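Remarks on the structure that follows.
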């Protein structure tokens, strides 16, 4: 047993005292255990592997003891045969056998076993060598002569076979055929019947020397971008408008739900409630501090006072009043003269209080406000963006925003609107009900074909040194000689100064001002400064903005203010300060999130929705000649090369909502296109067709979320608890039986990333759920109660659709031992398992710096851990297999061109499978014995793999005009082996992170035990072919900066990546015993 290399001081938190376990601090002989009767037991070992995804695998290995006596025949003459595809390969093969025999002379190798293993376990190829050896020393001498002279010596025969298909058959007969006759016949292509071989055992010998030629995607340079850039952007444009809705007669219907009404003018509502006898089912809450009519169902609320909210909720609790409908009314107006309006804060406060308490119930929420058409500043209309996002976080809450003019604003209409279909945006105008519709538009039909930017123009860009602002400035100064004013919050550092110089070098004036656009005085000062130096402003592009994703129930009002202010206050103050300027355009950069909503971005959606409404308001002012310049708010998808930094997971999440991101060039072209139209608001998408994005205009309200469960409470509780535990087992990587339902999520280390993972997995299992469940429920027990309460009997129907397989209940399974009959592998500084074992015995450190053949480490290495977030790697260490780019494609009938695009993991695994079959003593002839009724060989292939980064070289190759597209599909690793060797059994690749290979072993054993396969090839492969994997691991702080794994030690600081490829051949033990050739010594 070899010792652990870097374990000096044991980790104090690992206590193995008074247990059967111990650490191997020094290499020692492994002693056999002896049972009570004195019988020596075989070696036994347990191997466990724990996958990041929660799949943990365990295998018990046992030594095979063969009590069969063999005839050593150490001194008897034997024939030794080797063959290869070429003379060069044959010479290398002979050299590797020569080296192996010289190094292992002390092991008293058996010449008979060597002869037997090469005859039965190697494929007969075209170029052949046969040696008749009297003993081991004789064989070594003759191999040495052949290798040095590349020609046959005494008792050595060589030949090249060209027409193997027409071979004559020679039968071995010790009386009629001598070894020289057999050797000469074999090297000239005769087929030999080896059945007369004497008894021997198969041993492990050097395997075939594949020819090593590099096959790799040509690369000149590498630039990493974790986002996928789609250069073929298919831009579509949409614009929203209000259209008449289908007539719905609800005049005879009454609202029979428990309702809370928030209002400013309570008197009209009191009259309506008492006239329609709604007392008992309605609670009226007023913000009016001067209430004159007092009722038992009326409550006075001061929104900004926390105690009032608590008192209201306590009052509702004491009254056992659980609301089903919430009607929120804004009776006043919000005008442009009041940009500091806190209307949104009042509304959001209502939501936070009631959502957090009543979210487990089905709630319908209507937000109703008065409008004097287009003169209002649309804080109120923007609520639709907020609601669309909240609806994705809380699927049990249905919401709508309803705008009224004075003639239609009355209690009856407001109440009846609750009975209508649930569109997010509704309006009443002159007695007509309108709903919002998005129409696809074609800007080419309305463009003016005018020049967007002009020489001598002065252009103001907010968010100026963000990714967007700077690139827009670059587009302007690249097309005209103009003055560009960049406005941003940060100081002008060295990097920004260099960027300014680059822009100025194009012949335009470019200046940067550090200004906070949320401060009106700062904006005024900016304008005065600019006008005094450069004259009138020609155009504004307002693209300032920040994101701070967090679920609404977890976000504070002041945190939302930081997201909302740059968009809303910035637009209002800029408009007011520039109102007298002769602008050509006033552009506001909005986001599709404001149109479609996105979980975690309620505030961002609200701010962007506001810009769309504000554009309409400002456009009306232009019509009245109170403003100048084409006003447009553009709702963009995510800009792939923009300034807002988000993670890859966030980008994938956004893509599901707003479609693909757009490239910088496509976005800038779209901006210029839209500035030539007369559009006031426009949504830009990058999609295949108009059906690929939903603008989230209408909600389904027929979902039954709160039906009571009719099944046994005990049964459903156990079922739901088990399902939830399985989900957490996958997330936490803790076995299900070790998860305690009463332990808090905090104690299990559940963080926001895990919560997002839970939301994704739980929705697949239970349907739509609140995104903030794990913030409200602190334990699995509480979570189970919530699910049973809100989902009811619908949960039981998922039992038959459970995606978690129960291997214990698999039918047609028998308990039987599995034999390992062939082994092969390559590892860091070990080209085979023998060298790997020697490295362990010698305590050799096989860790090295990342080879230069992989990538230039200087481009990515930075010893500071924090730089990982900037795309750097603080670890440059690993255990690497050499020559992973080398392959012998023609040996397997693969073209060199195809080999270049094949994943190196697939290539080296194919070679390792061949070696494992050689090690098992199985050549093509013997493979044919496994032929099934369909003509294929009933052999399964099971592979564990967890990285496929070779494809990331593709984009850089395309840039260099190499046009080699790498193929890196997990399934292809196993399927290619099945195809090349004509295996027709199960063929699959599994990825369960660190436990992938051991899981593959488990699946292979199952296949053998269920008689799906007669034999199984099992293996795993892991290569680090691209720097992105190191960067990802460094960002997760998983790698050791010292390049050493201190397993179980008190100075453990991460792991060190290691490469490896291995394959084993498995058979049922009972089948393997029938042909004892399949056991090695």
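The values are calculated or read from the model by the stated rules, or taken from the named source; none is laboratory data. Since the structure is predicted, the reported quantities are computational estimates derived from the model, not experimental observations. Note: ideal-geometry Cβ built from the backbone for every residue, glycine included; neighbour counts use all protein chains shown.
Within the stretch 740-751, does at least one residue satisfy the condition of being at pLDDT 80 or above and under 30 Å from residue 637 (Cα atoms)? Walk me through it before giving the result.
Within the stretch 740-751, the subset at pLDDT 80 or above is 740-745.
In the following step, the residues that additionally are under 30 Å from residue 637 (Cα atoms) were identified as none.
No, every residue in the stretch 740-751 fails to be at pLDDT 80 or above and under 30 Å from residue 637 (Cα atoms).
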## Note on the structure
Going through the stretch 450-499 in order, the residues found to be without any contact (Cβ under 8 Å) to a residue 40 or more places away in the chain, out of contact with any helix residue (DSSP H, G or I) (no Cβ under 8 Å at 6 or more places or on another chain) and buried (at least 20 other Cβ atoms within 10 Å of the Cβ) are 476
### Query
Can you name the number of the only condition in (1) at pLDDT 90 or above; (2) closer than 21 Å to residue 540 by Cβ that residue 403 fails?
(2)
### Query
Which one of the conditions (1) surrounded by fewer than 16 Cβ atoms within 10 Å (Cβ to Cβ); (2) at positive phi does residue 506 fail to meet, given that it meets all the rest?
(2)
### Query
From the set of residues in the stretch 125-165 that are within 53 Å of the chain's Cα centre (by Cα) and surrounded by 20 or more Cβ atoms within 10 Å (Cβ to Cβ), which is farthest from residue 78 (Cα to Cα)?
127
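Scanning the stretch 251-270 for residues that are in contact (Cβ under 8 Å) with a residue 40 or more places away in the chain and over 48 Å from the mean Cα position of the chain (by Cα), which turns out farthest from residue 353 (Cα to Cα)?
Step one: filter the stretch 251-270 for residues in contact (Cβ under 8 Å) with a residue 40 or more places away in the chain, giving 251, 253, 255, 257-265, 268-269.
Narrowing further to those that are over 48 Å from the mean Cα position of the chain (by Cα): 251, 253, 264-265, 268-269.
Details: 251: 33, 253: 30, 264: 19, 265: 22, 268: 26, 269: 23 Å.
Among those that are in contact (Cβ under 8 Å) with a residue 40 or more places away in the chain and over 48 Å from the mean Cα position of the chain (by Cα), it is 251.
Could you please let me know if residue 172 is at pLDDT below 75 and touching a strand residue (DSSP E or B) at 6+ places or on another chain (Cβ under 8 Å)?
Details: at pLDDT below 75: yes; touching a strand residue (DSSP E or B) at 6+ places or on another chain (Cβ under 8 Å): yes.
Criteria met by residue 172.
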### Candidate set: the stretch 334-374, residues that are closer than 19 Å to residue 613 by Cβ, touching a helix residue (DSSP H, G or I) at 6+ places or on another chain (Cβ under 7 Å) and assigned to a helix (DSSP H, G or I); chosen: the one modelled with the lowest pLDDT
374
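A quick yes/no check of all residues on (1) in a loop (DSSP other than H, G, I, E, B); (2) within 43 Å of the chain's Cα centre (by Cα); (3) farther than 23 Å from residue 579 by Cβ:
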{"residue": "470", "(1), (2), (3)": "no, yes, yes"}
{"residue": "478", "(1), (2), (3)": "no, yes, yes"}
{"residue": "496", "(1), (2), (3)": "no, yes, yes"}
{"residue": "502", "(1), (2), (3)": "no, yes, yes"}
{"residue": "507", "(1), (2), (3)": "yes, no, yes"}
{"residue": "513", "(1), (2), (3)": "no, yes, no"}
{"residue": "526", "(1), (2), (3)": "no, no, no"}
### Query
Looking at residue 440, is it surrounded by fewer than 17 Cβ atoms within 10 Å (Cβ to Cβ) and either outside any loop (DSSP other than H, G, I, E, B) or assigned by TED's automatic domain parsing to the domain that holds residue 662 (or both)?
yes
## Note on the structure
Checked against (1) farther than 30 Å from residue 982 by Cα; (2) surrounded by 21 or more Cβ atoms within 10 Å (Cβ to Cβ); (3) touching a strand residue (DSSP E or B) at 6+ places or on another chain (Cβ under 6 Å); (4) at pLDDT 90 or above, residue 836 satisfies every condition except (2)
### Message
The conditions are (1) in a helix (DSSP H, G or I); (2) surrounded by fewer than 19 Cβ atoms within 10 Å (Cβ to Cβ), and residue 546 fails exactly one of them. Which is it?
### Response
(1)
#### Entry: Criterion: surrounded by 24 or more Cβ atoms within 10 Å (Cβ to Cβ) and either at pLDDT below 95 or assigned to a helix (DSSP H, G or I) (or both) - qualifying residue of 580, 558, 603
603
